[in-house]
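Student: Following this message is one structure expressed as structure tokens.
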Amino acid sequence: MKKSFNASMHTSIDTIVGEISAVIKLHSFWLYGSIVLDDFRLGWSDIDFIAFTNETIKAEQADRLLLLRQTLSERYPDNPYYHCFEGIIVNLKEYQIGQCERLVYWGTSGQRITNRCIIDPFSMQELSKYGVTVCGTEDRDLFKIPEKAELIDAVRQHYEGIRRCAMQTDGSLYSCGWLLDIARCIYTLRTGDVIGKTQAGKWALAEHLFSDEEPLKRTLAIRRDPPAFKDDPKTKEWLKTLGPTVQQYADVLERELSHYIS
């Protein structure tokens with residue numbers, strides 16, 4: 001393994017890889033996202049991955065893989081990492097030609113067997129530049145580096161999602177996460193690259209992107225230790241009031257986008 005993880009996380013990754021390999025032969029297993037950007041925060045972050053197989057995934061194999069993370073969480077109840085895994089298990093050749101017969105998807109809202117393999121430009125950028133292979137050959141040619149126009153369009157779509165979905169917020173930590181997402185989007189527009197959420201928040205403060213910086217500072221404090229704030233009543237009440245603040249930050253992103261979209 002090419003990055004240093006704590007013992008429990010290292011064991012969790014090895015176990016996931018081993019369990020998938022016991023069902024179907026793996027070509028390679030890649031990690032990306034916060035875990036390779038030195039920004040993983042237990043209680044907030046996911047463990048993002050893509051697993052390539054050497055053979056077409058049969059229906060019976062897909063069924064065995066579908067609930068694997070839940071099975072491991074139940075088998076090892078003291079391990080906090082198995083439920084964090086999110087990603088896809090897909091045949092390499094099918095991925096390369098863009099036509100998938102069957103793949104397994106694990107996401108935030110659940111898991112499913114599908115034939116759609118969609119990797120957004122942000123993830124593709126992370127995989128192509130910062131992805132880490134846990135097993136198999138490291139072949140970055142598997143991932144097409146997005147054009148700047150693709151990243152700009154991805155930011156636009158994310159901005160539109162913020163306008164649709166974050167007019168009101170709830171008491172979850174993800175409510176203040178919108179502020180970090182906006183900072184990341186602006187960083188991507190200006191640099192053509194990706195960055196961890198914590199680093200994006202710190203960068204935004206250094207650049208004085210937002211007139212009201214206190215919500216972002218409070219968000220970064222929560223990000224440092226999410227479990228300490230997850231069930232805190234005062235924090236939850238504050239999170240519920242963040243809708244207008246998120247939209248004010250989105251105004252800044254909108255102005256930034258206007259420089260890149262004619």
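The values are calculated or read from the model by the stated rules, or taken from the named source; none is laboratory data. Source: prediction; values computed, not measured. Virtual Cβ from ideal backbone geometry, glycine too; neighbours counted across all protein chains shown.
Student: Filter region 41-57 down to the residues that are crowded, with 20+ Cβ neighbours inside 10 Å and either not assigned by TED's automatic domain parsing to the domain that holds Glu138 or not small (Gly, Ala, Ser) (or both) and list them by number.
Tutor: Trp44, Ile47, Asp48, Phe49, Ile50, Phe52, Thr53, Ile57 - these are the residues of region 41-57 that are crowded, with 20+ Cβ neighbours inside 10 Å and either not assigned by TED's automatic domain parsing to the domain that holds Glu138 or not small (Gly, Ala, Ser) (or both).
Student: Please go through region 108-138 and give me each residue that is among the β-branched types (Val, Ile, Thr), in a loop (DSSP other than H, G, I, E, B) and in contact (Cβ under 8 Å) with a residue 40 or more places away in the chain, ordered by number.
Tutor: Applying the first criterion (among the β-branched types (Val, Ile, Thr)) to region 108-138 yields 108, 113-114, 118-119, 132-134, 137.
From what is left, the residues that are in a loop (DSSP other than H, G, I, E, B) are 108, 118-119, 137.
Scanning region 108-138 gives Thr108, Ile119, Thr137.
Student: With respect to Asp193, determine if the residue is surrounded by fewer than 14 Cβ atoms within 10 Å (Cβ to Cβ) and either under 30 Å from Ser28 (Cα atoms) or in contact with a Cys (Cβ under 8 Å, 6 or more places away or on another chain) (or both). Outline the logic, then answer.
Tutor: On the way: surrounded by fewer than 14 Cβ atoms within 10 Å (Cβ to Cβ): yes; either under 30 Å from Ser28 (Cα atoms) or in contact with a Cys (Cβ under 8 Å, 6 or more places away or on another chain) (or both): yes.
Against the criterion (surrounded by fewer than 14 Cβ atoms within 10 Å (Cβ to Cβ) and either under 30 Å from Ser28 (Cα atoms) or in contact with a Cys (Cβ under 8 Å, 6 or more places away or on another chain) (or both)), Asp193 qualifies.
Student: Answer yes or no: is there a residue in region 222-238 that is aliphatic (A, V, I, L, M) and free of Cβ contacts under 8 Å to residues at least 40 places away in the same chain.
Tutor: Our first condition is that a residue be aliphatic (A, V, I, L, M); within region 222-238, this holds for 222, 228.
Now restrict to residues that are free of Cβ contacts under 8 Å to residues at least 40 places away in the same chain: 228.
Within region 222-238, one or more residues are aliphatic (A, V, I, L, M) and free of Cβ contacts under 8 Å to residues at least 40 places away in the same chain.
Student: Is it fair to say Asp39 is touching a residue at least 40 places away in the same chain (Cβ under 8 Å), assigned to a loop (DSSP other than H, G, I, E, B), charged (D, E, K, R) and touching a Ser or Thr at 6+ places or on another chain (Cβ under 8 Å)? Step through it out loud before you land on a result.
Tutor: Working: touching a residue at least 40 places away in the same chain (Cβ under 8 Å): yes; assigned to a loop (DSSP other than H, G, I, E, B): yes; charged (D, E, K, R): yes; touching a Ser or Thr at 6+ places or on another chain (Cβ under 8 Å): yes.
Spelling it out, Asp39 is indeed touching a residue at least 40 places away in the same chain (Cβ under 8 Å), assigned to a loop (DSSP other than H, G, I, E, B), charged (D, E, K, R) and touching a Ser or Thr at 6+ places or on another chain (Cβ under 8 Å).
Student: Right, something else. Give the residue, chosen from Arg163, Arg184, that is surrounded by fewer than 21 Cβ atoms within 10 Å (Cβ to Cβ), outside the structural domain of Ser109 (by TED's automatic domain parsing) and in contact with a helix residue (DSSP H, G or I) (Cβ under 8 Å, 6 or more places away or on another chain).
Tutor: On the way: Arg184 fails: surrounded by fewer than 21 Cβ atoms within 10 Å (Cβ to Cβ).
Selected residue: Arg163, the only one of Arg163, Arg184 that is surrounded by fewer than 21 Cβ atoms within 10 Å (Cβ to Cβ), outside the structural domain of Ser109 (by TED's automatic domain parsing) and in contact with a helix residue (DSSP H, G or I) (Cβ under 8 Å, 6 or more places away or on another chain).
Student: Here's another thing I want to ask about it. Can you tell me which residues in region 184-226 are farther than 23 Å from Ala154 by Cα, of a type in the set (Gly, Ala, Ser) and either in a helix (DSSP H, G or I) or modelled with pLDDT under 95 (or both)?
Tutor: Selection gives Ala206, Ala221.
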